[in-house]
Amino acid sequence: MRLVKKISLVIAAYSLWLAVVPATQGHHSFAAQYDSNKPVTLQGFVTKVEWYNPHVYFYVDVENTETGEWDNWGIEMGPPHMLQNRGWKRNDMQIGDELLVEATRARDGSLTANARSVKLVAQDKVLGAASSEDQTLTGGGNN
């Protein structure tokens with residue numbers, strides 16, 4: 001009888017865990033995090049790329065013209081499968097690559113943004129960013 005109680009308790013705890021985990025991993029709203037009235041153009045050099053679901057993130061050092069310092073921006077793109085469908089390959093963006101990014105800035109004023117288009121400067125190649133803002137894929141990897 002004791003074993004049955006323990007098994008029941010384990011099953012109940014596991015069921016509760018299964019219900020809670022998806023709620024904590026929910027997808028965020030574009031409008032909640034980014035302000036479509038705050039477009040930003042960033043030109044800088046890639047410092048890190050995270051090619052994971054649910055979104056690809058990359059980080060770019062951008063010179064702050066007011067301070068002369070280098071700011072590290074975190075930029076969100078769409079999911080890997082959507083980017084691949086539009087011409088991206090996982091290794092298209094490398095550490096040190098110079099980029100020109102058209103994006104929408106975070107509401108909180110932090111150095112984060114949601115990309116609309118990404119241009120690999122050395123290759124003069126524009127790739128879509130699968131932005132959450134209207135789920136657009138501008139450029140599409142054909143340029």
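Return P(r) of the range 30-128 (all Cα-Cα pairs; 10 Å bins starting at 0; whole %; ordered from short to long distances).
Pairs per bin, as whole percents: 16, 52, 29, 3.
Taking the dipole about the Cα centre of the range 30-128, with the C-beta of Lys and Arg at +1 and of Asp and Glu at -1, give me whichever of Thr104, Pro80, Thr65 is farthest to the positive side.
The listed residue farthest towards the positive side: Pro80.
On full extension of the chain, what length is gained from Phe45 through Trp70, given 0.36 nm per residue of separation minus the C-alpha to C-alpha distance?
This chain segment gains 8.0 nm when fully extended.
Only the coordinates and a few stated rules stand behind these numbers; no lab work does. Since the structure is predicted, the reported quantities are computational estimates derived from the model, not experimental observations. Note that we place each Cβ from the backbone using ideal geometry, even for glycine, and neighbour counts take in every protein chain shown.
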